[in-house]
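The values are calculated or read from the model by the stated rules, or taken from the named source; none is laboratory data. Computed from a predicted model, the values in this text were never measured in an experiment. Cβ coordinates were reconstructed from backbone atoms using ideal geometry, including for glycine residues, and neighbour counts include every protein chain displayed.
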Amino acid sequence: GDGEAIQIRSLNAISGDTATLGIPNQNAVQLAIADYGQIAGHDVDMGTGLDDLCSNEGGQAAAQTIVADDSVVGVIGTSCSGAGVAASPLISDAGMVMISPSNTSPALTSDLQGNAGTDYHPGYYRIAHNDLFQGQAVADFVYNELGLTTAAAIHDGDPYTQGLAQAFSDAFEGLGGEMVGFTAVNKGDTDMSPVLTEVAAGAPQALYFPIFPPEGNFIA
């Protein structure tokens, strides 16, 4: 209506250990709104920034809040793929567009042949790369640049970390390497001795663990 603002929402990880990812995303939304200005004579309003908590539960709860407001037309988010998996179906079913600045799980879009991922929903887009490319790049570096032929991978069960670890594993084996370990930790774990003992039993030359803080810090 005349004088009404176009309503969008920012849904990013703005608290906890992954806030270093989500807060810049949210700030960028605010900067873009200010820089672009009005659209067809309407201001753009992102409302209060919502927190995806970098988790399935956080993405679902925030998405439920967003879809309850039928004036919202679109969402910038999520920061984390795990939150995106939960938020995407709700946002899509409500007829809204969702554009992520940093989700990379192949499940959210497609494989490299364009086949839809298990968690793809119409209306979902992203401007970040697909982890299948990232997994291939890391595998190529480890095998061809470093000359290492055995590796292990650790994930935490999140769609991002599990998908990226699998992408690396598949690409590494495709190059001729051998995966001598593929295992997981739980979010919240602090003692990584058991999982590292398990990994060390395979004597890998390289260890790939695409895991967020703080669990990744404890592994290191």
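Restricted to strands (runs of 3 or more DSSP E) entirely inside the range 121-193, those with at least 2 residues that are aliphatic (A, V, I, L, M), over 22 Å from the mean Cα position of the chain (by Cα) and modelled with pLDDT of 95 or more are 178-184.
Looking only at the range 203-220, filter to residues that are among the small types (G, A, S) and outside any loop (DSSP other than H, G, I, E, B); which one of those is surrounded by the most Cβ atoms within 10 Å (Cβ to Cβ)? Spell out the reasoning first.
Start the filter on the range 203-220 by keeping residues that are among the small types (G, A, S), which leaves 203, 206, 216, 220.
Imposing the further condition that a residue be outside any loop (DSSP other than H, G, I, E, B) reduces the set to 206, 216.
Working: A206: 20, G216: 17.
Checking each candidate, the answer is A206.
Residues of the range 1-17 that are more than 19 Å from A63 (Cα to Cα) and either charged (D, E, K, R) or buried (at least 20 other Cβ atoms within 10 Å of the Cβ) (or both): D2, E4, D17. Can you spot a residue in the range 32-48 that is surrounded by 14 or more Cβ atoms within 10 Å (Cβ to Cβ) and touching a helix residue (DSSP H, G or I) at 6+ places or on another chain (Cβ under 6 Å)? Yes.
Considering only residues that are of a type in the set (V, I, T) and more than 14 Å from G49 (Cβ to Cβ), look in the range 2-38 and name the one that is modelled with the lowest pLDDT. It comes out as T18.
All told, L90 falls short of being in contact (Cβ under 8 Å) with a residue 12 or more places away in the chain, aliphatic (A, V, I, L, M), assigned to a loop (DSSP other than H, G, I, E, B) and surrounded by 16 or more Cβ atoms within 10 Å (Cβ to Cβ).
I99 falls short on exactly one of the conditions (1) in contact with a Phe, Trp or Tyr (Cβ under 7 Å, 6 or more places away or on another chain); (2) surrounded by fewer than 21 Cβ atoms within 10 Å (Cβ to Cβ); (3) within 22 Å of P213 (Cα to Cα); (4) of a type in the set (A, V, I, L, M, F, W, C), and that condition is (3).
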